[in-house]
Every structure is written in C-alpha cells, then in structure tokens.
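Contents: one structure, followed by commentary.
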Amino acid sequence: MKSLEQKLNNYYRSKRLASHRITAIQTSVQEMGGTRRRISYLVPLAAVILLTIGIGLWSHMSTDSITHQVVAEIGQNHRQHGALVVESDQYGVVQAALSELDFPIRPRRGKLVQDFVLVGGKYCTIQGFKAAQLKLSPRKNGTIHTLYVLPMSDDIKSVKPGVYETNGIRVELWTDQTLLYGLAHGQ
C-alpha cells in the first residue's frame, strides 16, 4: 500500500507548476485587478455619456414628433371639407363669427393677404387646442388652401417651422410672435 501512496505522491509532484510559473500567474492576476479598478471608473463615466446622448436624441425626436403630429393633423383636417361657420372675404367678419377665439386670425404676412382671398372660416383643433381653420383661394387660380392659426402653448412652441409634406398635402409652418400658422394645400 505504501508503494501505491508513494507513486501517487511522486506523480502529483511531477505535475506541479514550476515556481516561476506560479509567480507569473500571480503577477498577471494582480495586474488584472489593477485594470479592473481602472475600468470600474470608466463604467459610470460611460453610463453618464450614454445617458446624455440618449436624452439629447429623445429631446430631438420629441421635437420632431410634435412637428410631425401637427403636420399630420393639419393634413388630415385639410382633406375634410366640412361646412364653414361663416363665409366671408373679410377677416373682421370671420373673426367676429369665431368669437370663442381670443387671438387674431388675420395673418401678419402681407404677401399672404395680398395673394389669397379669404373664403370663410370655422373652428378646429390642433393637438387638442382650439384653432381657426380658414379657407383661402389664391387670386391666380381657384385651388383652395387652408390656413390654420392657433396660439402657441408650451408643446406647440417646440414645433419646427418649415415646409413639410404628408400624404400629398404640402404644409408650411411658421410662427409670428405668439401664434403658429400652418398653410396647407394639395389633393
């Protein structure tokens, strides 16, 4: 029995790592621990950077989203041809008929007033806010345009002015002081 025990001891001693290999492994493990400590500082930093980028993208997408929603709603309202509350080519007459509106409906763009004849108007809503929906006819041809006028709320303030297209409807958005305007035409 002793010889078997001796043979096993000899066998396992022969399979032992050399002391220089053990030292190399221990040094490698210590170096990895230092690297982990350095990396552990980078993880929160990377998280902060990614969070900042994410918030920036979300904010940008949110602004694009509200603009897209307003454009889509204007396009949809433009396609509907409901009855006007009042038919008149006088902004004062239409303003008086739309007495629930506490903002001026006449656009401040002189060229718009010169190039279009007012046909009439009615109430509508854009993003849940009461707005004026004015039908305009260009002086050059009879293609009806729709002008939307609404006061700028905190949500509406983030709408980006510009020219957009939604399902064949061209929508131009602009602001003037405290009002948002949307001019739609097409189809």
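The values are calculated or read from the model by the stated rules, or taken from the named source; none is laboratory data. Here the structure is a predicted model, which means the values were calculated and not measured. Ideal geometry is used to build each Cβ from the backbone, glycine not excepted, and the neighbour counts take in all protein chains shown. We work out accessible area using only protein heavy atoms, side chains counted, and drop any ligands, DNA or RNA first. Shrake-Rupley method; radii C 1.70, N 1.55, O 1.52, S 1.80 Å.
Report, largest value first, the span of the C-alpha coordinates of segment 95-187 along each principal axis, in whole Å.
Cα extents, longest axis first: 37, 31, 22 Å.
Taking the Cβ of Leu136 as the centre, find all other residues whose Cβ is under 11 Å away and add up their charges (Lys, Arg: +1; Asp, Glu: -1).
0
Carbon-plus-sulfur fraction of the accessible area of segment 66-187, 1.4 Å probe, in percent?
In segment 66-187, the share of accessible area belonging to carbon and sulfur is 48 percent.
For segment 99-143, what class follows from the C-alpha gyration tensor (a ≥ b ≥ c being the square roots of its eigenvalues): rounded when a/c is under 1.5, otherwise prolate if a/b is larger than b/c, else oblate?
Here segment 99-143 falls in the prolate category.
Only residues of segment 148-187 count here: report those whose backbone N is under 12 Å from the spot 7 Å along Cα→Cβ of Tyr123, or say none.
Correct set: none at all.
Per residue, what accessible area does segment 130-187 have, given a 1.4 Å probe and all protein chains present, in Å²?
47 Å²
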